[in-house]
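Notes follow the structure.
Any read-out appearing in this document is the output of simple, stated calculations on the displayed coordinates, not a laboratory observation. Since we're looking at a predicted model, the values are computed, not measured. Note that we place each Cβ from the backbone using ideal geometry, even for glycine, and neighbour counts take in every protein chain shown.
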Amino acid sequence: MTQQKASDGGKVSNLIDDLKEKFSDTKLHDAKIALVHKKHQIGKLGNLFNPNHRHDEEHEQRCDDKRTKICESNRFKSFFPERDGNLIKWYVDGRDYFWAVSVALEQAKESIYIADWWLSPELFLRRPHSITGTTGWISSSREKPRKESRSL
């Protein structure tokens, strides 16, 4: 560039100064320019076509291998180990689950908080409802005094 300055009589430096002066009053005054290596551009484009691009690197493959070994050592290839002493109940069909929910609602003493996706007051928890005489869980919760339990 020094050779260019000498040959053109400083026209390039004047041109740059003129451009700086023109851009000083615009939003482009603080514009930043960044260079991106072609390797990274091609890598990103290649990632669009490679569904396993996230697991190409060596450290990610080691992490995947470690997780696979943990899962294979656990029951049902789960990432959680089997633990004793859990207070759980297996429900194979919906009938037993809804019966347990209706019993829990009847036993509620203070408040009832429903955090179920599909549980609504119109749902018949005990079937067949013609035999039990209930119309849904809301009728059983209304039997309790309102000061004892409330449904939110």
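Worth a mention:
- For R126, R75, order by how many other beta-carbon atoms lie within 10 Å, fewest first: R75, R126
- Residue order, fewest to most surrounding Cβ atoms within 10 angstrom, among L19, L119, L87: L87, L19, L119
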